[in-house]
Structures are given as C-alpha cells and as structure tokens.
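J.: Please find one structure pasted underneath; my questions will follow.
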Amino acid sequence: MDSVEALALPCMPRAVALLMSELLSDTPNLRRVNQLFASDPVLALRLLELANAPALRMSGLIGGLPQAIAMLGTRQLRSLLRSARVSGGSAGLNLPQFWRCSQETARLSRVLASLLRLDGSTAYAVGLLHGVGQLVWAVSQPERALALESEVAIWDPRRPHWEGKTWGCHASSLSATLLRQAHAPALLIDSLRGAEEPLAQTVMEPLACVLHLALWRVRAQAAGWSARQLAVSFPSEVGVALGLDMDVVLQQDSIDWNAQGEH
C-alpha cells in the first residue's frame, strides 16, 4: 500500500488553515496546535508517521499526538501541512459527518479508557484513526465505495460486515495496516486490528475493547436506536471483559477534550 502522503487523503480545510496560521506565529500556541491536529484523522495519522520515522530513531514509540508534537519542530510541522490535501467532498463519503463521528469516537474512547486507568492519549488516537480506512476506499475505489454507501452508511452497525464482503476486511483493520507502515507502536496497531472482534484476538487488548464499545455507542446514536435495540445490541461480553456495563457506557459524557486541549 502507498504511504499516507502518497494516498492524498483529504484533510479538514479549516484545520489545515488554522494550523498553518498558528505555526507561522513567532510563538505558536502548542496547546492550540495539539487541538487542531487532534481534530482531523489524516493530519493525526501523518503526524504519527512523521514522529515515528526511522530517521528520528523513535520508531514504534510515539503513540500519542501530544508526544509527537513535542518532539517535532515547527519547520517539520509546516512541511507536513504544505503537502496536506484539503477537500470539501469525496465520493461515497460524507466528510463532515466522518470528521464529526471520528472525533466523537475518539472522545468516548478516552473517557472510557480513563475509567479503566488506561492511557488516554493513546485511546484518543485509536478512536480518531479507526476510520481512516474509509477514506482510503473512498479515494482509491470511489465507485465501489459509493455503491456500498448506497447499501449501508458508514456509521450503520451492519457496516463492518458489509466491508468484509466488499473488501475482505473492515476499515479499522485497513487503518491498522497504515499505522504499521507508519512504524507506529504495536499498541495502536493491535487495538485497531481488533476493534470489531476484540475477544477473537490471540491476546485481548483492552484498548481494542474500549474502541469496540465507543463504536457501538456512536453507531447506535447514528442509527437512532430505541432503548430496546440498545439493550439487545450491547456487546455484553466485551463489557464484562472490561468490567463496564451498558448503563456505564451510555452515561459517559463525550467530553470535548478539544476545548480543554488535552489529547
């Protein structure tokens, strides 16, 4: 598969513009820089790819966005942004909804991880990046992506099953492949690879279970499920593995960490 940059995946125009403006300042506000990178899956993925580049001798060690920003210089971040592709649309994918739901999944993943005393920064990254595979398909195979979208929307709970029939894997698995190519930490890769079936993995990764529950809630909200549908569909075995029941998952607020500058 091509590199993240070569795939030319679309980024949020507003995030790119605001980041460039911030990084051109004599004294960039790193908290604001972190907020903006944490708002866009593609920018976040490219940031981690750059931070884990073999030349920097940190391959496989940088799994959180704040750590990546802290180790990279302003010049490197500007270079990343100059090559970013901005787009207002993509065949077979509603980009504004994609960005919004990716952020929601990231926030919920962090909140749930905090209950379990897992690393919140990594949990946020896992949640934000899980759907990048959707963008790859929309850009590289727009006709097939559009046909699948007409059958089942990307946030429909049935979507992973249809992705398997269409492409032979689900979007989170493809995102894991991109992270592996980017020399990201194994924890990120394993969490994404196991997102849809976390208990079927050789070794259960708690963050994969966290992401699974966050995705269940985001998809259920997108589908507008009733209380009965929520009860029937809740992945109880995953909840038991983490010690979290349905009520606990549903009661967690999706805290806007962007507003607090913590990712």
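J.: Being in contact (Cβ under 8 Å) with a residue 12 or more places away in the chain and over 20 Å from residue 192 (Cα atoms) is true for just one of 108, 128, 45, 56. Which residue is that?
T.: Of 108, 128, 45, 56, the one residue that is in contact (Cβ under 8 Å) with a residue 12 or more places away in the chain and over 20 Å from residue 192 (Cα atoms) is 56.
J.: Would you confirm whether any residue within segment 239-261 is more than 21 Å from residue 107 (Cβ to Cβ), part of a helix (DSSP H, G or I), touching a residue at least 40 places away in the same chain (Cβ under 8 Å) and over 20 Å from the mean Cα position of the chain (by Cα)?
T.: Scanning segment 239-261, I find at least one residue that is more than 21 Å from residue 107 (Cβ to Cβ), part of a helix (DSSP H, G or I), touching a residue at least 40 places away in the same chain (Cβ under 8 Å) and over 20 Å from the mean Cα position of the chain (by Cα), so the answer is yes.
J.: Further, regarding this structure: In segment 70-88, is there at least one residue being part of a helix (DSSP H, G or I), out of contact with any Cys (no Cβ under 7 Å at 6 or more places or on another chain) and under 23 Å from residue 242 (Cβ atoms)?
T.: Among the residues of segment 70-88, not one is part of a helix (DSSP H, G or I), out of contact with any Cys (no Cβ under 7 Å at 6 or more places or on another chain) and under 23 Å from residue 242 (Cβ atoms), which makes the answer no.
J.: Take residue 208 and decide whether it is modelled with pLDDT of 95 or more, small (Gly, Ala, Ser) and open to solvent by less than 70 Å² (accessible area, probe 1.4 Å).
T.: So residue 208 passes the test.
J.: Would you point out the residue of segment 156-190, among those that are among the basic types (Lys, Arg) and part of a helix (DSSP H, G or I), that is surrounded by the most Cβ atoms within 10 Å (Cβ to Cβ)?
T.: Out of the qualifying residues, it is 159.
J.: Starting from residues that are open to solvent by less than 30 Å² (accessible area, probe 1.4 Å) and without any contact (Cβ under 8 Å) to a residue 60 or more places away in the chain, keep the ones in segment 59-72 and report whichever is nearest to residue 127 (Cα to Cα).
T.: In this case the residue turns out to be 68.
J.: Quick one: how many residues across segment 22-36 are in contact with a helix residue (DSSP H, G or I) (Cβ under 6 Å, 6 or more places away or on another chain) and in contact (Cβ under 8 Å) with a residue 60 or more places away in the chain?
T.: 3
J.: Being open to solvent by 10 Å² or more (accessible area, probe 1.4 Å) and either in contact with a strand residue (DSSP E or B) (Cβ under 7 Å, 6 or more places away or on another chain) or among the hydroxyl-bearing types (Ser, Thr, Tyr) (or both) is the filter here; which residues of segment 115-147 pass it?
T.: Scanning segment 115-147 gives 121, 122, 134, 139, 140.
J.: Check 100, 110 and return the single one that is crowded, with 21+ Cβ neighbours inside 10 Å and at negative phi.
T.: 110
J.: So, one more: So is residue 199 surrounded by fewer than 19 Cβ atoms within 10 Å (Cβ to Cβ), of a type outside the set (Lys, Arg) and either under 16 Å from residue 154 (Cβ atoms) or touching a residue at least 40 places away in the same chain (Cβ under 8 Å) (or both) or not?
T.: yes
J.: Does residue 122 count as over 20 Å from residue 17 (Cα atoms), β-branched (Val, Ile, Thr) and in contact with a helix residue (DSSP H, G or I) (Cβ under 8 Å, 6 or more places away or on another chain)?
T.: Spelling it out, residue 122 is indeed over 20 Å from residue 17 (Cα atoms), β-branched (Val, Ile, Thr) and in contact with a helix residue (DSSP H, G or I) (Cβ under 8 Å, 6 or more places away or on another chain).
The values are calculated or read from the model by the stated rules, or taken from the named source; none is laboratory data. If you're wondering where the values come from, they're calculated on a predicted model, not measured in any experiment. Cβ sites come from the backbone with ideal geometry, for glycine too, and all protein chains shown count toward neighbours. The protein model used for the area step is the full one, side chains on, heavy atoms only, and it has no ligands, DNA or RNA in it. Shrake-Rupley method; radii C 1.70, N 1.55, O 1.52, S 1.80 Å.
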